[in-house]
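Structure first, then comments.
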Amino acid sequence: MASRSGAVAAVLALTFVTATACVTMPEQKTNSAPPWTPASVQSSVKFFDRYDTVHLEASEERDAGLVSTVETGPLLRVSTAAYKIKRRLDPQRKDTTAPFTRTNPTIALPKFSKYPVWLMGVSTMSNGNGRQVVDLVTRSTAGHEWRNAISVMLDPSQPVPELQKNGESAVPIWMPEQIAELRRPPAKAAEAYAALIQGGPTAPHAAAFVPHGMTVTAHQIAARYRALPDKLTFEQAVKVVGYRAVAAKDGGALVIFAMEERNNVLMRPGQTLALRPTDEAAAFTGLTKVTKQLKETWVWQVAAFVPPKGKGNGLVELLGVQRSLGTAAIV
């Protein structure tokens, strides 16, 4: 089992790319690496307790440095941008963050024999009217602490599928025979959604998904830019930047993934695009007039259910979708 678990870690390490680079910690002077310390359900629950505490303090102080002690990758990009926007729109800190906690977390803890490692947590939010949140937590080396990389609040009344367990451990999906039982591979499902966002409502990939409000909203935003060909040109590219999948008890898969949407608005000579001060890009940059170019990066965090072959309607169901500004630049 040890060599099999090591293979899991090796394969999954190739399929998850965070937006921040991983730095390998130096070995001790004895040239011996820190010892392998596998996670436990108890230690994972303690991480979420600490995460809630640190995240709340960081949100109140708009402190990206503090939140970076418990976040990484796509989620850290979202928090960093959000704090910058809050500092500009609410300098007096009148808009305070309501306290919240993750209650009754269920830990999906695949077995590994070496780093990098990861786990999923499924919790109910204390201030979310019973809504659930799915978190992907990673640890790259023994010299790094656990960090929350993707966090998806599920839609109201949207349950998480019951997960397949091997003892107390979740079953990660990575082996060909597991993928063969699914309607589509988890990686391909994520890539299809990226293609759907970029391709618009008539994209062929639309037929693979249960319709979702956030998909419609994204298409409407892009359509407003594309409706102004005499004023500007609009370029868009969407790509998957990381995913993980665990097996559901009914044979399907719970997939959590992140995407990066890059939008480039190029103004035609003599044209100006006016933004409201509360627009995310305006609040991020402090500018409200685009005379030459607007460049935006949006971070998507998604939880989805991929059904098994031969069951249901075969469509991928989007359990929760969040789109948040990552960066913006205005000229």
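Which count do you get for residues in region 108-126 that are in a strand (DSSP E or B) and open to solvent by less than 20 Å² (accessible area, probe 1.4 Å)?
So the answer is 9.
Pro156 fails exactly one of the following numbered conditions: (1) open to solvent by 50 Å² or more (accessible area, probe 1.4 Å); (2) touching a residue at least 60 places away in the same chain (Cβ under 8 Å). What is the number of that condition?
(2)
Across region 81-107, what is the number of residues that are outside any loop (DSSP other than H, G, I, E, B), open to solvent by 60 Å² or more (accessible area, probe 1.4 Å) and closer than 20 Å to Leu325 by Cα?
At the first step, the residues of region 81-107 found to be outside any loop (DSSP other than H, G, I, E, B) are 81-89, 102-107.
Of the ones still in play, those that are also open to solvent by 60 Å² or more (accessible area, probe 1.4 Å) are 84, 86-89, 104, 106.
Now drop any that are not closer than 20 Å to Leu325 by Cα, which leaves 84, 86-89.
Final tally of qualifying residues: 5.
For Ala328, are the conditions met, namely being open to solvent by less than 20 Å² (accessible area, probe 1.4 Å), assigned to a strand (DSSP E or B) and under 19 Å from Pro211 (Cβ atoms)?
No: the conditions fail for Ala328.
Name the pairs: first residue in region 39-51 and within 19 Å of Thr141 (Cα to Cα), second residue open to solvent by less than 50 Å² (accessible area, probe 1.4 Å) and among the aromatic types (Phe, Trp, Tyr), Cβ to Cβ under 6 Å, at least 6 apart or on different chains?
Close Cβ pairs satisfying both conditions: Phe47/Trp146.
Could you say which residue among Gln28, Gln42 is modelled with pLDDT of 70 or more and either more than 19 Å from Lys86 (Cβ to Cβ) or more than 22 Å from the chain's Cα centre (by Cα) (or both)?
Values: Gln28 fails: modelled with pLDDT of 70 or more.
Testing whether each residue is modelled with pLDDT of 70 or more and either more than 19 Å from Lys86 (Cβ to Cβ) or more than 22 Å from the chain's Cα centre (by Cα) (or both) leaves just Gln42.
So in region 186-235, with the set limited to residues that are among the acidic types (Asp, Glu) and over 19 Å from the mean Cα position of the chain (by Cα), which one is nearest to Ala274 (Cα to Cα)? Walk me through how you get there before you give the answer.
Filtering region 186-235 down to residues among the acidic types (Asp, Glu) leaves 191, 230, 235.
Filter again for over 19 Å from the mean Cα position of the chain (by Cα), leaving 230, 235.
Working: Asp230: 15, Glu235: 18 Å.
Selected residue: Asp230.
Determine whether Glu71 is at pLDDT 50 or above, in contact with a helix residue (DSSP H, G or I) (Cβ under 9 Å, 6 or more places away or on another chain) and open to solvent by less than 80 Å² (accessible area, probe 1.4 Å).
It is true that Glu71 is at pLDDT 50 or above, in contact with a helix residue (DSSP H, G or I) (Cβ under 9 Å, 6 or more places away or on another chain) and open to solvent by less than 80 Å² (accessible area, probe 1.4 Å).
Those residues that are in contact (Cβ under 8 Å) with a residue 24 or more places away in the chain and open to solvent by 40 Å² or more (accessible area, probe 1.4 Å), I need them from region 226-242; list them, please.
The answer is Asp230, Lys231, Thr233, Glu235, Ala237, Lys239, Val240.
Note down all Cβ pairs under 9 Å where the first residue falls in region 298-311 and is touching a residue at least 12 places away in the same chain (Cβ under 8 Å) and farther than 15 Å from Lys188 by Cβ, the second is among the acidic types (Asp, Glu) and open to solvent by less than 10 Å² (accessible area, probe 1.4 Å), and they're at least six residues apart or on different chains.
Going by the 9 Å Cβ cut-off, the qualifying pairs are Trp298/Glu261; Val299/Glu261; Trp300/Glu261.
Test Glu317 against the criterion of being open to solvent by less than 30 Å² (accessible area, probe 1.4 Å), in a strand (DSSP E or B), out of contact with any Pro (no Cβ under 7 Å at 6 or more places or on another chain) and not hydrophobic (A, V, I, L, M, F, W, C), and give yes or no.
No.
Just to be sure, is Ala58 in a helix (DSSP H, G or I) and of a type in the set (Gly, Ala, Ser)?
Here the answer is yes, as Ala58 does meet what is asked.
Out of curiosity, is Thr141 open to solvent by less than 50 Å² (accessible area, probe 1.4 Å), part of a strand (DSSP E or B) and either out of contact with any Pro (no Cβ under 9 Å at 6 or more places or on another chain) or of a type outside the set (Lys, Arg) (or both)?
Criteria not met by Thr141.
Being within 22 Å of the chain's Cα centre (by Cα) and among the polar types (S, T, N, Q) is the filter here; which residues of region 276-299 pass it?
Across region 276-299, the qualifying residue is only Thr297.
Of all residues in region 236-271, which are of a type in the set (S, T, N, Q) and either modelled with pLDDT under 95 or part of a strand (DSSP E or B) (or both)?
Residues satisfying the conditions are Gln236, Asn263, Asn264.
Considering only residues that are polar (S, T, N, Q) and assigned to a strand (DSSP E or B), look in region 154-173 and name the one that is farthest from the chain's Cα centre (by Cα).
Asn166
Could you please find all residues in region 290-314 being over 19 Å from Asp279 (Cβ atoms) and open to solvent by 20 Å² or more (accessible area, probe 1.4 Å)?
To start, the set of residues in region 290-314 that are over 19 Å from Asp279 (Cβ atoms) comprises 301-314.
Hits for region 290-314 are Phe305, Lys309, Gly310, Lys311, Gly312, Asn313.
The values are calculated or read from the model by the stated rules, or taken from the named source; none is laboratory data. Note that the coordinates shown come from a computational prediction; the quantities given were computed from them, not determined experimentally. When we count neighbours, we look across all protein chains shown, and the Cβ atoms used for this are built from the backbone with ideal geometry, even at glycine. Only protein heavy atoms, including side chains, enter the accessible area calculation; ligands, DNA and RNA are left aside. Shrake-Rupley method; radii C 1.70, N 1.55, O 1.52, S 1.80 Å.
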